[in-house]
Amino acid sequence: MKDSVKRAFPALFVFLWSTGFIVAKYIHPYSPPFAFLAIRYVLACAFLVGFAIFTKTSLRMTRNQVLYSVAVGALLHVTYIGGVFYGVSLGVSAGISATIVSLQPVLVSIIAVPMLGERLRAVQIIGLLMGVAGVALLLLPNVFKGDTSALFEVRGIAACVIALVGTTGGYLVQKRSGNIPFVPGTAIQFGFSALAFTVLSVSTERPVVIDWSYQFFMALAWIVFALSLGSIFILYYLLRHGSAGSVSSLYYLVPPSSALMGYFLFGEHIGATGLIGMALAACGVALVMRQASN
């Protein structure tokens, strides 16, 4: 692989990961979120299994590896991705949903106190307060002006908070799962997610109406190949050839990148107070991450 391509991987990862929040917004007129995600994970799982058969990659795993893969699928894909897509479908902007879930390192630090016996340091507490204050500024600028008419749908914000809990739990489970083979482990995650989203769609989105337009298929192709496969491959490559801290720092760029895309593609507008909140949240996460890596 050429060095120029390798050097472009961090920027490419930020771009691809940011488009996940954009696809959640883009697909809304053409499909309910859970139905779209069910189709996404069926195709992604089928592709990985086909790839394993074609390359003669073993799909064997131990019972514990299977259970860990199912748990990661439930948390990282069903809860996290499902929460983001559902929240965006209810009106939460791409930039705001990305900012909420970007607080994952802060939440991990808090959970590590009772679970791992760690102590929150002063810098981490400051980072936590900055992150919470930043999200508050991002969500509530109109309330400060006495205008609650444009306040986001409470269910949408709750879905994004649940997504934050999901990505945090997924991170912690992955950390404890050890070395799970990439292809079979990811295939199980995708297969479980496909089943879960099918159940969610059938039980909550009746009747399931999908506009089988070229826009739908474009979004589906992008999210399967660029996100489910491309961004995950790049993430694993970066983790293998760099430090976890340096890779995690890329997530700081996702909220502003998503907000910028949302502005140009959908006319989503975040005022000056909201932009300050986004920056404050990013600084808070950076403080927590930097202290955790020391």
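Every number here is computed from the coordinates shown, using simple stated rules; none is lab data. Quick caveat: nothing in here was measured; it's all calculated off a predicted structure. Neighbour counts run over all protein chains shown; Cβ positions are idealised from the backbone, glycine included.
Worth pointing out:
- Each residue, Thr57 and Phe15, gets one label point 7 Å from its Cα in the Cβ direction; the gap between the two is 2.4 nm.
- For Phe266, Phe190, Phe21, the sequence from fewest to most other C-beta atoms within 10 Å is Phe266, Phe190, Phe21.
- In Hz, Karplus ³J(HN,Hα) per residue of the stretch 67-80 (6.51, -1.76, 1.60; θ = phi - 60°; x = Gly, Pro): 5, 5, 5, 5, 4, 5, x, 5, 8, 7, 9, 5, 6, 6
- Relative packing of peptides 205-212, 104-111 - highest average C-beta neighbours within 10 Å first: 104-111, 205-212
- Taking the fewest neighbouring Cβ atoms within 10 Å as the starting point, the ordered list for Lys25, Lys175, Lys56 is Lys56, Lys175, Lys25.
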